[in-house]
Amino acid sequence: MKFKVVKAAGLLVIASMLAFAVGCNTGNQAGNQPTGNNGNASSNANGEGDALEPITFTAFFPDPNNEWNNMEDDIGKVLQEKTGVTLDIEFAVGDPDQKINLIAASGEYPDLIAPKGTSGTLVEAGALLDLTDLINEHAPNIKKMIGDQMDRLKYSSEDESIYFIPNLETIDHQSFDATGTFNLQHAVVKELGYPEINTLQDYENAIKAYKEKYPEIDGQPTIGVTLIAEDWRSLISVTNPAFIATGAPDDGEFYIDPETYEAIVHYKRPEEREYFRWLNHMNNIGLLDPESFVQKYDQYKAKIASGRVLGTIDQKWQIQEAENALKAAGKPERAYGHYNVTLDGTYKTASFMPTGFSGGQGIGITVDCKDPVRAIKFLDYLASEEGQILVNWGVEGVTYDVIDGKRVLKPEIAELKRNDGNTYKKTTGIGNYLLSLRYGDGVQDSTGNYFTQSFPEEVRNNYTDIEKEILAAYGKEFWKDFFPDEEEFEVSPWGRAWNLNIPADSEYTVIKAKFDELVDKRIAEAVLAKPEEFDAIYDAMLDDFERIDVPKMEAEFSKHLKARLDLWGVTK
């Protein structure tokens, strides 16, 4: 395998005159002036007396962000002041993988890029800088945050370059709340007297009973459950729930034998067939939205925001905008609780299985970047203590105050967050700048405050009144309390297998493209078929796996997974 590696070292001297220094994680005393590298008062992130020169970096991100405000929000203005950096971002419209392929083929790249699942395409195209020297020489905060896990940033055992600063996962993360997968309107469980929601049958019974009692909501037909199957979102809403409901961890399209480290596509698990059979049943009794496999994401969100969808099988980050709209419209009872639902009650949901730090995908600096040193220092500032507080809490005195040494959102900001999250994000910028390596929930800064707003007290404060009422009725304090805890699982030795890097020019990539198309087609056919046709369609899909050489894809995935374990020094 030939990898195209571009070292950034030759650019460092040229760009160093424009570099800005950033604060280390030495910490700031709450309420004091922000500190620079040596703990000295600093008015910007340029450091060492360098003149702050404005620079604009172009960037591409794969997920749409309707709350992006071109850095005109509170945080964006401070970032421009402190770093001199302005971001000119293009967000994907439609399939982000197609856009990444077009970018790679064009040979013209934005300064920064976050390719998600298509990282290999850019690596093979020679589009990305190896960040190893840039990190070692100019990113003390990133190095401190990574600690002794730098090997997990390496692309692969064959190519040990570092192409990405991970931004899809966090360091030392603790989960305090659940955010999916089987979501049910608060109005439903309240109306039905808080029934037990533990199995697919329980979930179905609640939806069926409420829909029969209320066939219309606000003058529109009530929808039992809706799914989103557009492009990659199908994974989150249609197919991933099959392994979630049957106790397997999230390793993307694969199930990995914990003893042998051999991978198979998870659809081969017999219990998952039964999950899809249940979806087929839901469709045939009229509880599944018939538009689930054809609607666009905007239509899906609008449907949820209307308040007439009783259940969603999805993650909160996909439905958050619609839920925020419901709350802003004064309909918090039409938002959703998150329940631990399994196939039949015999499986243990692995949603909170700890994975450790996986490195993998994130944001890269391209060979066309106008100033790689300035770019890495911007990302490093975001990873500093000062930067982490800024992107997670906003601006002191504007979005939060420090009271008795504790960061507290201003009452009006907390209210906005609780009841109109879209406006909250757009005006404050909180949530818009999670672009670099970052600390997870539950990690404290040097002042003893949490870096993020997701810690028990704040999670609880952000619940609406009806959420608190429903949780109390079930004898719970948090949605996470419905689920098996982290301590019930071993840490995954391979991290998150879905971000495993596999060379883009391998046969795996060709087979995977055929596989993805096939699964999308066959699962939709199976779910929408007459019940007596379901097994024949599912069997045809399994036969098709053999026809397109899925076993060869599984073997290559297993090989690269084991190579990752070797690279990480993991032994059984």
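Looking at the range 384-403, which of its residues are farther than 15 Å from residue 446 by Cβ and of a type in the set (D, E, K, R)?
Once the filter is applied, which keeps residues that are farther than 15 Å from residue 446 by Cβ and of a type in the set (D, E, K, R), the range 384-403 yields 396, 401.
Only helices (runs of 4 or more DSSP H) wholly contained in the range 480-572 count here; list those with 2 or more residues that are out of contact with any Asp or Glu (no Cβ under 8 Å at 6 or more places or on another chain) and at pLDDT below 95.
Correct list: 507-528, 550-567.
What is the residue count in the range 39-66 for residues that are modelled with pLDDT under 95, assigned to a loop (DSSP other than H, G, I, E, B) and not polar (S, T, N, Q)? Lay out the reasoning, then the answer.
Going through the range 39-66, the residues modelled with pLDDT under 95 turn out to be 39-53, 61-66.
Pick out the ones that are also assigned to a loop (DSSP other than H, G, I, E, B) and you get 39-40, 42-53, 62-66.
Checking the rest, the ones that are also not polar (S, T, N, Q) come to 39, 45, 47-53, 62-64.
Total meeting the criteria: 12.
Considering only the range 412-431, I want to know if a residue exists there that is among the polar types (S, T, N, Q), under 17 Å from the mean Cα position of the chain (by Cα) and surrounded by fewer than 24 Cβ atoms within 10 Å (Cβ to Cβ). Explain how you work it out, then say what you get.
As a first pass, look at the range 412-431 and keep what is among the polar types (S, T, N, Q): 419, 422-423, 427-428.
Going one step further and asking which of them are under 17 Å from the mean Cα position of the chain (by Cα), we end up with none.
No - not one qualifying residue is present in the range 412-431.
Those residues that are surrounded by fewer than 20 Cβ atoms within 10 Å (Cβ to Cβ), at pLDDT 90 or above and over 23 Å from residue 86 (Cβ atoms), I need them from the range 102-123; list them, please.
102, 105, 106, 107, listed by residue number.
List the strands (runs of 3 or more DSSP E) inside the range 185-279, counting only whole elements, that have at least 2 residues being out of contact with any Phe, Trp or Tyr (no Cβ under 6 Å at 6 or more places or on another chain).
Numbers: elements: 223-226, 254-256, 263-265.
Where strands (runs of 3 or more DSSP E) fall fully within the range 185-279 and carry at least 2 residues being out of contact with any Phe, Trp or Tyr (no Cβ under 6 Å at 6 or more places or on another chain), they are 223-226, 254-256.
Does any residue of the range 202-216 turn out to be crowded, with 22+ Cβ neighbours inside 10 Å and aliphatic (A, V, I, L, M)?
Yes, that holds for at least one residue.
Residue-by-condition table, conditions (1) buried (at least 20 other Cβ atoms within 10 Å of the Cβ); (2) assigned to a strand (DSSP E or B):
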| residue | (1), (2) |
| --- | --- |
| 282 | yes, no |
| 290 | no, no |
| 293 | yes, no |
| 298 | no, no |
| 304 | yes, no |
| 314 | yes, yes |
| 318 | yes, no |
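In the range 151-184, how many are assigned to a loop (DSSP other than H, G, I, E, B), buried (at least 20 other Cβ atoms within 10 Å of the Cβ), within 16 Å of the chain's Cα centre (by Cα) and of a type in the set (Val, Ile, Thr)?
The number of residues fulfilling the criteria is 1.
Any residue in the range 192-213 that is closer than 21 Å to residue 289 by Cα sitting within a Cβ distance under 6 Å of a residue that is of a type in the set (Val, Ile, Thr)? List the pairs, counting only those 6 or more apart or interchain.
203/197; 203/341; 206/188; 210/188; 211/222
Give the residues of the range 334-369 that are surrounded by 21 or more Cβ atoms within 10 Å (Cβ to Cβ), under 28 Å from residue 58 (Cβ atoms) and out of contact with any Leu (no Cβ under 8 Å at 6 or more places or on another chain), sorted by residue number.
358, the sole residue that qualifies.
From the list 261, 255, 275, 267, pick out the single residue that is under 28 Å from residue 92 (Cβ atoms) and either of a type outside the set (S, T, N, Q) or free of Cβ contacts under 8 Å to residues at least 12 places away in the same chain (or both).
Working: 261 fails: under 28 Å from residue 92 (Cβ atoms); 255 fails: under 28 Å from residue 92 (Cβ atoms); 275 fails: under 28 Å from residue 92 (Cβ atoms).
Answer to the selection: 267.
Can you work out which of the residues in the range 370-410 that are part of a loop (DSSP other than H, G, I, E, B) and under 26 Å from the mean Cα position of the chain (by Cα) is surrounded by the fewest Cβ atoms within 10 Å (Cβ to Cβ)?
From the range 370-410, those part of a loop (DSSP other than H, G, I, E, B) are 370-371, 384, 394-395, 397-399, 404-405, 410; that's our starting set.
Remaining after also requiring under 26 Å from the mean Cα position of the chain (by Cα): 384, 394-395, 399.
Values: 384: 29, 394: 25, 395: 17, 399: 25.
In this case the residue turns out to be 395.
Would you point out which residue out of 349, 355 is assigned to a loop (DSSP other than H, G, I, E, B), modelled with pLDDT under 95 and over 19 Å from residue 324 (Cα atoms)? It would help to see each step written out before you state the result.
Numbers: 349 fails: modelled with pLDDT under 95.
The match here is 355.
For the range 285-308, how many residues are among the aromatic types (Phe, Trp, Tyr) and either in contact with a His (Cβ under 7 Å, 6 or more places away or on another chain) or farther than 20 Å from residue 524 by Cα (or both)?
Taking the range 285-308 and keeping what is among the aromatic types (Phe, Trp, Tyr), we get 293, 297, 300.
From the residues that got through so far, the ones that are either in contact with a His (Cβ under 7 Å, 6 or more places away or on another chain) or farther than 20 Å from residue 524 by Cα (or both) too are none.
Total meeting the criteria: 0.
Could you run through the range 67-95 and say how many residues are within 17 Å of residue 382 (Cβ to Cβ), assigned to a loop (DSSP other than H, G, I, E, B) and of a type outside the set (Gly, Ala, Ser)?
Residues meeting the conditions: 3.
In the range 417-431, which residues are at pLDDT 95 or above and either at positive phi or part of a loop (DSSP other than H, G, I, E, B) (or both)?
429, 430
Name, by its number, the condition in (1) in a loop (DSSP other than H, G, I, E, B); (2) surrounded by 17 or more Cβ atoms within 10 Å (Cβ to Cβ) that does not hold for residue 477.
(2)
The values are calculated or read from the model by the stated rules, or taken from the named source; none is laboratory data. Nothing here was measured: the structure is a model prediction, and the numbers come from that model. Cβ coordinates were reconstructed from backbone atoms using ideal geometry, including for glycine residues, and neighbour counts include every protein chain displayed.
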